[in-house]
1. Do we find that T184 is modelled with pLDDT under 95 and in the same structural domain as L243 (by TED's automatic domain parsing) in this structure?
2. With respect to A189, is the statement that it is touching a residue at least 24 places away in the same chain (Cβ under 8 Å) and either over 20 Å from K112 (Cβ atoms) or in the same structural domain as D83 (by TED's automatic domain parsing) (or both) true?
3. Considering each residue of segment 1-51, count those that are assigned to a helix (DSSP H, G or I) and either closer than 24 Å to A114 by Cβ or in contact with a strand residue (DSSP E or B) (Cβ under 7 Å, 6 or more places away or on another chain) (or both), and give that number.
4. Which ranges mark the helices (runs of 4 or more DSSP H) fully within segment 211-313 that have 2 or more residues being at pLDDT 95 or above and touching a strand residue (DSSP E or B) at 6+ places or on another chain (Cβ under 7 Å)?
5. Among the residues of segment 161-172, what is the count of those that are without any contact (Cβ under 8 Å) to a residue 12 or more places away in the chain and within 10 Å of the ligand (Cβ to nearest atom)?
6. Being assigned by TED's automatic domain parsing to the domain that holds K306, surrounded by 17 or more Cβ atoms within 10 Å (Cβ to Cβ), of a type in the set (K, R) and closer than 19 Å to T141 by Cα, is that true of even one residue in segment 27-43?
7. If I filter segment 82-97 down to residues being in contact with a Pro (Cβ under 9 Å, 6 or more places away or on another chain) and surrounded by fewer than 21 Cβ atoms within 10 Å (Cβ to Cβ), which single residue comes out as nearest to K112 (Cα to Cα)?
8. So, A206, is that one within 13 Å of the ligand (Cβ to nearest atom), in the same structural domain as Y249 (by TED's automatic domain parsing), part of a helix (DSSP H, G or I) and farther than 18 Å from A259 by Cβ or not?
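The values are calculated or read from the model by the stated rules, or taken from the named source; none is laboratory data. If you're wondering where the values come from, they're calculated on a predicted model, not measured in any experiment. Don't worry about glycine lacking a Cβ; one is built from the backbone with ideal geometry, like all the others, and counts go over all protein chains shown.
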Amino acid sequence: MKSIAIDFGGSSIKMVLFQDGKISKRRTIPAYSHKGLAPRLADTEAAVRGMLEGEELREYAGVGIAMPGIVDPVRKKVLGIYDKYEDSKSLDLEQWCREAFGLPMVMEMDSKLALMGELNSGCGQGYKDAVMLILGTGVGTAVAFDGKILNSRNYVAGALSSHIIINMDGDQCTCPNSGCLEATASGWALERLVRSQPEYIASGLAGEDEINFRILEKWYLKQDKTAVSVLKKCVKAWRTGILNLIHAYDPELVVLSGAIMNFRGLYQMLTEGLDRFIWDCCGHVEIKRAEHPEDSVLYGLYHLVKNFMTVYN
Ligand SMILES: [Zn+2]
């Protein structure tokens with residue numbers, strides 16, 4: 001089966017072509033997601049068309065779309081999203097796919113897709129009760145019971161654990177609350193965190209044009225004081241997030257994914273000694289890092305299109 005996958009992330013838009021479960025081509029363009037989704041659709045279409053050159057469109061089963069917000073996969077609508085692609089709630093992406101590619105479209109939230117991808121093609125194969133923590137521009141979470149992604153009346157269950165408040169006196173989030181996990185430690189919250197450090201001016205980070213986790217890693221490896229202290233704060237927040245997910249959903253597996261998981265040594269920092277803080281009754285909980293943290297969502301899209309084709313054909 002051939003399919004198209006488009007992951008509208010907070011920082012970049014990733015597009016791939018799948019052939020029989022394997023990525024055959026890929027393109028990435030910047031997202032500028034705070035400006036909305038509509039202004040990026042023409043470039044997205046052009047990039048996908050570029051990949052499709054020399055291919056027969058009619059051999060493609062459909063387009064899978066990932067969004068960084070709460071999605072109703074039945075009505076194919078974005079229900080809840082803050083700060084990124086805010087116009088997407090009023091866009092008809094199904095119609096866009098039909099006009100741009102003449103193909104049917106399926107859509108789901110990125111974090112749920114990441115878990116779907118890992119359970120079907122990645123480190124979660126063989127597990128049924130699992131949770132996902134995906135560390136990127138924002139923080140995404142998802143839950144699966146008995147191999148199925150947890151869903152609720154508004155598709156919120158399991159998907160908003162990054163907005164569980166871990167510090168009642170914490171910083172403002174992009175959502176209406178303060179002190180959420182995502183507001184404490186995430187790609188978008190990093191710059192604020194770095195600049196608020198008392199020794200920031202003396203830090204190597206002060207001379208950087210932009211602040212992201214790749215730059216933080218560079219200075220962390222040089223043992224820059226501010227970089228070390230910021231990473232320590234992030235690790236503490238994410239460990240709290242992992243514990244909250246375990247105690248809320250009782251999984252046998254926690255999958256850690258997203259581009260930030262490429263940070264050297266982060267997996268060890270997140271997991272070392274964590275079992276001492278997990279309630280006894282939860283038994284042993286496996287914590288794994290996705291093998292290809294940047295592709296978890298894309299593999300989820302492959303399975304979403306494949307399942308759609310099985311159901312409707
Ligand atoms: Zn929040």
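1. On the way: modelled with pLDDT under 95: no; in the same structural domain as L243 (by TED's automatic domain parsing): yes.
For T184, the condition - modelled with pLDDT under 95 and in the same structural domain as L243 (by TED's automatic domain parsing) - is not met.
2. Working: touching a residue at least 24 places away in the same chain (Cβ under 8 Å): no; either over 20 Å from K112 (Cβ atoms) or in the same structural domain as D83 (by TED's automatic domain parsing) (or both): yes.
Judged against the criteria, A189 is not a match.
3. At the first step, the residues of segment 1-51 found to be assigned to a helix (DSSP H, G or I) are 33-35, 38-51.
Subset that is either closer than 24 Å to A114 by Cβ or in contact with a strand residue (DSSP E or B) (Cβ under 7 Å, 6 or more places away or on another chain) (or both): 33-34, 40-41, 43-44, 47-48, 50-51.
Number satisfying all stated conditions: 10.
4. 225-249, 266-271, 296-312
5. Of the residues in segment 161-172, the ones without any contact (Cβ under 8 Å) to a residue 12 or more places away in the chain are 168-169, 172.
Subset that is within 10 Å of the ligand (Cβ to nearest atom): 172.
Going through segment 161-172 one residue at a time, the tally reaches 1.
6. The answer is no; no qualifying residue exists.
7. Narrowing segment 82-97 to residues in contact with a Pro (Cβ under 9 Å, 6 or more places away or on another chain): 82, 84-85, 87, 94, 97.
Next, only the ones that are surrounded by fewer than 21 Cβ atoms within 10 Å (Cβ to Cβ) stay: 82, 87, 94.
Numbers: Y82: 17, D87: 21, E94: 19 Å.
Applying the filter and picking the extreme gives Y82.
8. Details: within 13 Å of the ligand (Cβ to nearest atom): no; in the same structural domain as Y249 (by TED's automatic domain parsing): yes; part of a helix (DSSP H, G or I): yes; farther than 18 Å from A259 by Cβ: yes.
For A206, the condition - within 13 Å of the ligand (Cβ to nearest atom), in the same structural domain as Y249 (by TED's automatic domain parsing), part of a helix (DSSP H, G or I) and farther than 18 Å from A259 by Cβ - is not met.
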